[in-house]
1. Pairs only if they're at least six apart or on different chains, beta carbon under 6 angstrom, first in segment 350-374 and in contact (Cβ under 8 Å) with a residue 12 or more places away in the chain, second small (Gly, Ala, Ser) and surrounded by 13 or more Cβ atoms within 10 Å (Cβ to Cβ); list them, first residue then second.
2. Can you tell me how many residues within segment 70-104 are closer than 18 Å to PHE173 by Cβ and in a helix (DSSP H, G or I)?
3. Does TYR204 qualify as being crowded, with 22+ Cβ neighbours inside 10 Å and either hydroxyl-bearing (Ser, Thr, Tyr) or in a loop (DSSP other than H, G, I, E, B) (or both)?
4. So, of the residues in segment 111-160 that are modelled with pLDDT of 90 or more, under 17 Å from ALA198 (Cα atoms) and aliphatic (A, V, I, L, M), which turns out to be surrounded by the fewest Cβ atoms within 10 Å (Cβ to Cβ)?
5. In segment 357-375, which residues are under 23 Å from the mean Cα position of the chain (by Cα) and part of a loop (DSSP other than H, G, I, E, B)?
6. Select, from PHE259, PHE173, PHE224, PHE242, the only residue that is modelled with pLDDT of 95 or more and touching a strand residue (DSSP E or B) at 6+ places or on another chain (Cβ under 9 Å).
Amino acid sequence: MKRLLLLLSLMICLDALDAEELNQVAHRKCKLRSGNDYENCYRYFSRIYPTKNTDPISSNNKHQPLIVNLKNFGDPSSDIADKDFLKLHFKLMYAYWLEHARKRGANLPLPTLRLDNGYLMGCGKRLVSKSPNIYCPDSSEITLDVRPLIRGFSDRQSLNLSYLSLAILSHEFGHHVNQHIGREKYRSNEENEADWRAGKYLAYVISNKLMPLEGLTNGANLFFSVGDFHLHSEHGNPKGRFKAFMNGFNDESMGIGSFAGEWLQDTNETFSKRIHKSYSINTDILYFDVYRFEIDRSRQIAGNIFAGVIGVLNCSQGNKEDCAHSLLYQGKAKPEGWFRKQRMIINCQSNTFDIEGDEFKSQSINSDGKGQAQYLSQRDC
């Protein structure tokens with residue numbers, strides 16, 4: 001009887017805790033563990049709160065054979081887009097969105113993934129290789145070629161072209177879903193709606209341990225890069241596209257307190273992994289590897305200055321066409337934005353944090369606009 005009363009009191013106490021408190025309780029119980037051991041421990045002690053990805057596989061038994069096939073496939077090629085990998089995901093993607101459509105009382109026909117070099121059946125019957133990364137609503141065809149989209153990336157060496165292609169495929173498939181069941185989140189913006197759907201699918205993939213976090217971060221970088229930094233572009237501005245993508249990611253399968261491999265999601269847009277330095281005797285200093293989305297406007301400013309100079313030169317030389325063209329694009333250079341893997345140091349005694357290698361000195365924890373330093377210090381200090 002005493003044990004029953006103790007159990008009931010424990011359940012009442014846990015009921016009174018919100019998600020944030022449960023996360024902190026779980027971390028305190030598991031902080032001496034590492035790797036998968038930490039993850040399993042954390043999941044066990046925080047199991048009361050999650051309505052998201054505690055056990056994604058159990059709620060998707062119908063998709064289990066497809067998930068198993070992808071797990072058996074292993075890691076895809078990184079230096080080329082792995083067609084077999086993408087075809088497997090295409091099947092899972094269709095099953096995922098078909099289930100979603102049926103819940104809304106709609107049907108979803110199977111589109112065609114064109115990875116060949118033939119001609120489209122619709123949309124002017126153009127050559128597939130000349131029409132990369134499009135959804136053709138006439139014939140429900142999707143084309144895919146990541147190479148034209150990564151020319152502007154400053155660091156191509158770290159890219160996995162298969163995961164990046166998966167992000168594009170998720171977006172183009174989103175257009176197919178929009179075409180047949182309508183928009184749900186961004187009713188007046190087709191591109192943002194497709195980005196939102198891409199985020200939802202990649203969250204589902206990560207929650208089922210089919211892709212590492214880096215697949216998501218590179219995908220987010222891509223959507224920021226593709227967005228045109230002027231308001232009247234059909235592709236939207238970069239920040240809007242990134243927000244739509246991350247809103248989809250946090251909509252269902254992932255969210256604060258979820259794991260992406262060994263990475264813990266600690267805000268809607270940041271991830272962290274505690275680093276234990278055995279040689280450190282100062283327990284007030286904490287180290288974390290973190291992913292944070294940063295926007296660098298230095299190249300945008302430089303691009304605008306360059307465009308202005310060219311505009312002056314063209315106009316002074318009397319070339320009206322070049323003058324009009326250069327004036328049209330002045331002030332529209334894009335900033336760079338990307339998820340960066342960085343090292344965060346938190347000093348619990350001085351209540352400050354620092355990001356190694358950035359241009360700023362240590363700052364007050366409360367000054368972190370992303371909320372990550374506050375979350376980590378509250379949890380670990």
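The values are calculated or read from the model by the stated rules, or taken from the named source; none is laboratory data. No experiment lies behind these values; they were computed from the predicted model shown. Neighbour counts are summed over all protein chains in view; Cβ atoms, including those assigned to glycine, are modelled from backbone coordinates with ideal geometry.
1. The qualifying pairs are THR352/SER362; PHE353/ALA373; ILE365/ALA373; ILE365/SER377.
2. Going residue by residue through segment 70-104, those that are closer than 18 Å to PHE173 by Cβ are 70, 76, 81-104.
Cutting the leftovers down to in a helix (DSSP H, G or I) gives us 70, 83-103.
So the answer is 22.
3. On the way: crowded, with 22+ Cβ neighbours inside 10 Å: yes; either hydroxyl-bearing (Ser, Thr, Tyr) or in a loop (DSSP other than H, G, I, E, B) (or both): yes.
So TYR204 fits the description; yes.
4. My answer is ILE134.
5. Of the residues in segment 357-375, the ones under 23 Å from the mean Cα position of the chain (by Cα) are 358, 368-375.
Those that are under 23 Å from the mean Cα position of the chain (by Cα) and part of a loop (DSSP other than H, G, I, E, B): ASP358, ASP368, GLY369, LYS370, GLY371.
6. Numbers: PHE259 fails: modelled with pLDDT of 95 or more; PHE224 fails: modelled with pLDDT of 95 or more; PHE242 fails: modelled with pLDDT of 95 or more.
Selected residue: PHE173, the only one of PHE259, PHE173, PHE224, PHE242 that is modelled with pLDDT of 95 or more and touching a strand residue (DSSP E or B) at 6+ places or on another chain (Cβ under 9 Å).
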